[in-house]
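A short worksheet on the structure shown next.
Just so it is clear, none of the values below were taken in a lab; they were calculated from the coordinates. Since the model is a prediction, treat every value here as computed from it, not as a measurement. Note that each Cβ is placed from the backbone with ideal geometry, even for glycine, and that neighbours are counted across all protein chains shown.
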Amino acid sequence: MPESKRIKLIRCDEKLIKLILQGDEYLSKELDIHVPDQWSEFGKEVFEYILRKMEENPVKLKWSSYLPIEKRIKTLLGSCGYKGEPDKEGMVEIGYEVAKDYRNQ
């Protein structure tokens with residue numbers, strides 16, 4: 001997984017998306033991290049959509065979502081990912097969100 005000195009990105013596979021949908025305590029236990037309250041402003045609907053897309057075409061998994069984890073404090077910082085596959089020119093659009101308590105750092 002991609003990582004810097006401070007942050008590690010964990011790719012959301014089908015199992016991880018299902019844990020997100022089950023609840024924060026399941027995600028926390030699976031990844032052994034702290035999951036802040038209201039870490040996602042996008043809500044579960046986005047992850048339900050991602051899960052449907054994964055089930056339709058598992059090959060598109062690499063164009064999915066990622067969870068940024070602050071390594072030192074083992075904390076989920078939000079979510080990020082691609083909004084789809086590359087276009088004809090090879091360009092991709094990304095989206096991200098940062099949990100309120102971890103913005104502007």
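Numerical summary
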{"item": "Nitroxide proxy distance, nm - points 7 Å out along Cα→Cβ at residue 104 and residue 70", "result": "1.5"}
{"item": "Over the chain, relative contact order from alpha-carbon pairs under 8 Å, at least 6 apart, %", "result": "27"}
{"item": "Nonlocal amide H pairs with residue 66, under 5 Å, H built at 1.01 Å", "result": "12, 80, 81"}
{"item": "Euclidean distance between Cα centres, region 64-95 to region 5-28, Å", "result": "12"}
{"item": "Theoretical ellipticity at 222 nm over the chain - DSSP helices of four or more residues, -39500 (n - 2.57) apiece, nearest 500", "result": "-8500 deg cm²/dmol"}
{"item": "Residue of 24, 87, 32 that the Gaussian network model of the chain assigns the largest fluctuation, springs spanning Cα pairs under 10 Å", "result": "87"}
{"item": "Too-long pairs where the Cα-Cα distance tops 29 Å, listed order kept, from 15/88; 15/71; 71/100; 29/88", "result": "15/88; 29/88"}
{"item": "Sorted peptide list for 90-101, 67-78, criterion being average Cβ within 10 angstrom, highest first", "result": "67-78, 90-101"}
